[in-house]
Protein chains: 2
Amino acid sequence: MRACEMAEEYPVVDLDSDALAAARLLAERRLPGLVVTDGSGCPQSVLPASQVVRFLVPRYVCDDPSLAGVLTESMADRAADKLAGKTVRSVLSGEPTELPRVNADDTIVEVAAVMARLRCPLVAVMQEGTLIGVVSASRLLELALSPR
Amino acid sequence: MRACEMAEEYPVVDLDSDALAAARLLAERRLPGLVVTDGSGCPQSVLPASQVVRFLVPRYVCDDPSLAGVLTESMADRAADKLAGKTVRSVLSGEPTELPRVNADDTIVEVAAVMARLRCPLVAVMQEGTLIGVVSASRLLELALSPR
């Protein structure tokens, strides 16, 4: 089995797209993360839902969660306030999460090896410079464990 | 809103349960990970699907994915072979992934702060020493972004 046969569609957002829309997509589809592409559609990174959550919490509260009690504003106020007008790029900045790429004709063992080595739950499948889909760790297990 | 109102059910496996059954659960439900509990039902860790994938790939292939081509056996043979008779504990050993805990009466801001500080996509909600559910990062975004 080749990577192109394993690949599945996955929500993609552009680096310069709206961060609030990306957060809503994560929330509505209950996804752990989104694939982030550059202007040419080439995958650059993953935007994990936990990174967006980080963005909603003031730094002093991240450092000491017991201070969360002093926040009187609601999370909804904060979410709209902090994400409005921002890009996905700015939410990612600092710590972009790597999205490894494999080739469409790589075998299932090659895909598993990349995933295993980089400890990542998602890889992008590329064909002639174009993203054709992703393979998640659970998809790989599904294929590895299915009867031949 | 309190953590107990945010918590959702999530698949849980015991440290001493069968690793192959856990892998099948990840595959069938297409989950990024499972919550792992000890004998008393207390959450200890998360078993990420990518950790199970790592277990299926020989170390020399992890170190150099180009060697994946020399493997002639199928992933299905390897999966059954490597996981049969193993426990979840043995697959986790080496690098357990932390599962932070929050209290049932913690607020949404406190839960977000823990998630943000530890950069984790999942927290366990505890009430009197018992796991009552989990909150994922995407669930938290859903609640933070929903109209009041």
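In this assembly of identical copies, the label point of B:R2 (Cα plus 7 Å along Cα-to-Cβ) is separated from its counterparts by 5.7 nm, sorted shortest first. Here the relative contact order of the range B:1-122, from alpha carbon pairs under 8 Å that lie six or more residues apart, stands at 35 percent. How many percent of DSSP beta bridges within the range B:3-145 run antiparallel, rounded to 5? Restricted to the range B:3-145, the bridges split so that about 70 percent are antiparallel. Annotation for B:D16, label-to-label distances across the other copies: 5.9 nm (shortest first, one decimal, point 7 Å from Cα along Cα→Cβ).
Normalised per residue, the accessible area of chain A is 46 Å², obtained with a 1.4 Å probe and no contribution from ligands, DNA or RNA. For the range B:3-145, the Cα gyration tensor yields ellipsoid semi-axes of 32, 16, 12 Å (square root of five times each eigenvalue, largest first, whole Å). For the pair A:A84 and A:D38, the difference between a 0.36 nm per residue extended length and the Cα-Cα distance amounts to 14.5 nm. Computed over neighbours whose Cβ is under 14 Å from that of A:S17, the net charge equals -1, Lys and Arg +1, Asp and Glu -1.
Think of the axis that spins chain A onto B; the A residue whose C-beta lies nearest it, and the distance in whole Å, is A:P32, 3. Cα centroid separation, the range B:11-54 to the range B:81-148: 13 Å.
Here's the list of aspartates and glutamates a cross-link from A:K86 could span, going by alpha-carbon distance under 18 Å and ignoring same-chain residues fewer than 8 apart: A:D14, A:D16, A:D18, A:D38, A:D77, A:E95. Here the ratio of the Cα radius of gyration of the range A:1-74 to 2.2 N^0.38 Å is 1.43.
If the label for B:T130 sits 7 angstrom from Cα along the Cα-to-Cβ line, what are its distances to the same label in every other copy, in nm to one decimal, shortest first? Sorted ascending, the copy-to-copy spacings read 5.5 nm. Put simply, the amide H of A:V102, placed in the peptide plane, has neighbours under 5 Å in A:A124, A:V125, A:M126, leaving out anything fewer than 5 places away on its chain. For B:E28 and A:R119, a Förster radius of 22 Å and the Cβ-Cβ distance give a FRET efficiency of 0.45, rounded to the nearest 0.05. What shape does the protein assembly as shown have by the C-alpha gyration tensor, where a ≥ b ≥ c are the square roots of the eigenvalues, rounded means a/c under 1.5, and otherwise prolate means a/b greater than b/c and oblate the rest? Cα axes put the protein assembly as shown in the oblate bin. Secondary-structure-derived ellipticity at 222 nm for chain A, considering helices only, amounts to -11000 deg cm²/dmol, per-run term -39500 (n - 2.57) for DSSP H runs with n ≥ 4. Here's how it looks for B:Y10: its modeled amide H is under 5 Å from those of B:V134, which are all 5 or more places away or on a different chain. Phi angles across the range A:11-24 convert, under the Karplus curve 6.51 cos²θ - 1.76 cosθ + 1.60 with θ = phi - 60°, into 3J(HN,Hα) values of x, 10, 10, 7, 3, 9, 7, 6, 5, 5, 5, 5, 5, 5 Hz, Gly and Pro given as x. Distance between the modelled labels on B:C4 and B:D105, one decimal in nanometres: 0.9 nm (7 Å Cα→Cβ projection).
Basic side chains Lys and Arg get +1 at the Cβ, acidic Asp and Glu get -1 at the Cβ, and with that the dipole of the protein assembly as shown about its Cα centre reaches some 60 debye.
The values are calculated or read from the model by the stated rules, or taken from the named source; none is laboratory data. It should be emphasised that the depicted structure is a prediction, and the values quoted were computed from it without experimental measurement. When we count neighbours, we look across all protein chains shown, and the Cβ atoms used for this are built from the backbone with ideal geometry, even at glycine. Note: areas computed on protein heavy atoms with side chains; ligands, DNA, RNA excluded. Shrake-Rupley method; radii C 1.70, N 1.55, O 1.52, S 1.80 Å.
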